[in-house]
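Read through the structure below, which is laid out as structure tokens, and then see the notes.
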Amino acid sequence: MHALVLEARGIPYVQRRVRGWHVLFVRLADAPEAFSQLQQYHFENRGWPPADMPVRPLASGAWAALCYCALLALAYLLQSRGAWGVDWSGAGRTISDLILGGEWWRAVTALTLHADVAHLAGNLVFGGFFVAAACQIAGSGAGLAAVFLSGAAGNLLNAFLRGPGHQSLGASTAVFGAVGVLAACQWRLRRAARARRIWRLVPLAAALAFLGYLGAAGERTDVLAHACGLACGALLGLLLGSSGARALLARTVAQLLCGLFLALLLGASWALALACRA
């Protein structure tokens with residue numbers, strides 16, 4: 001590398017092998033300039049390449065993915081059977097007119113509803129994978145809370161952008177929220193590790209590619225909702241990927257509080273939905 005520095009600056013040199021070492025010889029008149037250039041090279045490249053910064057997973061993600069899948073499966077069982085005589089789909093789906101009128105909880109309850117088994121299966125397979133990956137970085141409680149919060153925020157933003165007359169249901173907005181959380185967390189962690197810019201952008205590019213490949217497929221696909229979920233998840237991911245947040249989320253009590261918050265949010269949202277239908 002030193003030879004390349006001298007060559008780039010046009011300083012003549014001769015390379016010899018002396019006692020197993022590669023030694024560069026320059027003319028005496030060029031010695032001060034050669035020394036100055038090599039000294040500047042070492043100053044500009046201090047700490048490069050950076051040492052790898054291992055990211056310690058805060059959870060395995062398996063239990064979080066299992067809870068996510070169990071919740072969606074149970075909700076679909078109640079919905080498909082019309083349990084207790086309730087029209088679950090009517091009570092919980094996103095209806096932009098009603099959301100804009102104040103029924104914000106529909107943005108949450110719609111994430112637990114599905115049109116059919118195929119719709120449910122897709123969100124279980126892809127969702128389980130990305131939920132597990134997001135929870136490895138953020139922890140089980142915080143990861144699940146971030147996934148559902150980004151999905152709910154995405155539904156709210158989608159209703160606002162589309163205006164009256166739009167309806168939807170399904171966990172796919174939360175799935176893309178998980179993708180956004182994962183991509184933004186990875187970007188921030190790689191940036192903190194001083195990885196090359198191209199490697200920082202890989203997670204973001206992968207998230208956009210996933211959105212384009214699967215988020216826009218099918219006639220009934222709500223592309224805008226998926227994009228909103230991805231964007232909201234990315235914002236949460238930027239927060240969760242910070243060093244301060246990771247230090248806080250490494251504490252068990254923080255994960256328990258996030259999990260409790262999510263349980264209360266889901267429970268309160270469905271309680272409000274059912275109360276309005278009574």
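Numerical summary
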quantity	calculated
FRET efficiency estimate (nearest 0.05) - Cβ-Cβ, residue 44 to residue 208, R0 35 angstrom	0.55
Sequence of 173, 221, 112 once ranked by neighbouring C-beta atoms within 10 Å, starting from the fewest	221, 112, 173
Expected 222 nm ellipticity per residue - DSSP helices of 4 or more, -39500 (n - 2.57), all of the chain, to 500	-22000 deg cm²/dmol
Distance in nm between pseudo-label sites at residue 104 and residue 66 (7 Å out along the Cβ direction from Cα)	3.4
For the chain, built as a Gaussian network whose Cα springs stay under 10 Å, the top-fluctuating residue of 149, 266, 124	266
Top positive-direction residue, dipole computed over the stretch 18-173 with Cβ charges, set 78, 63, 102	63
Length-normalised contact order of the stretch 94-195 in % [C-alpha pairs under 8 Å, at least 6 apart]	42
Rounded tilt (10° steps) of 223-240 against the dominant C-alpha axis of the chain	60
Average Cα contact separation per residue, the chain, under 8 Å, 6 or more apart, as relative contact order %	20
Degrees separating the helix 140-162 axis from the principal Cα axis of the chain, which is the longest one	70
Crossing angle, helix 197-214 versus the chain [Cα axis fit, 0-90 degrees, rounded to tens]	30
Spin-label model distance (nm) - residue 248 vs residue 36, 7 Å beyond Cα toward Cβ	5.1
Option label - Rg/Rh (Cα atoms, Kirkwood Rh) computed here, alternatives (i) 0.97; (ii) 1.06; (iii) 1.24	(iii)
Distance in nm between pseudo-label sites at residue 2 and residue 87 (7 Å out along the Cβ direction from Cα)	8.2
Residue among 16, 200, 246 with the largest mean-square fluctuation in a Gaussian network model of the chain, springs linking Cα atoms under 10 Å	16
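Taken together, the values in this text are just the output of simple stated rules run on the coordinates, not laboratory data. For clarity, every value in this text was computed on a predicted model and none was experimentally measured. Using ideal geometry, Cβ is built from the backbone for each residue, glycine included, and neighbour counts are taken over all protein chains shown.
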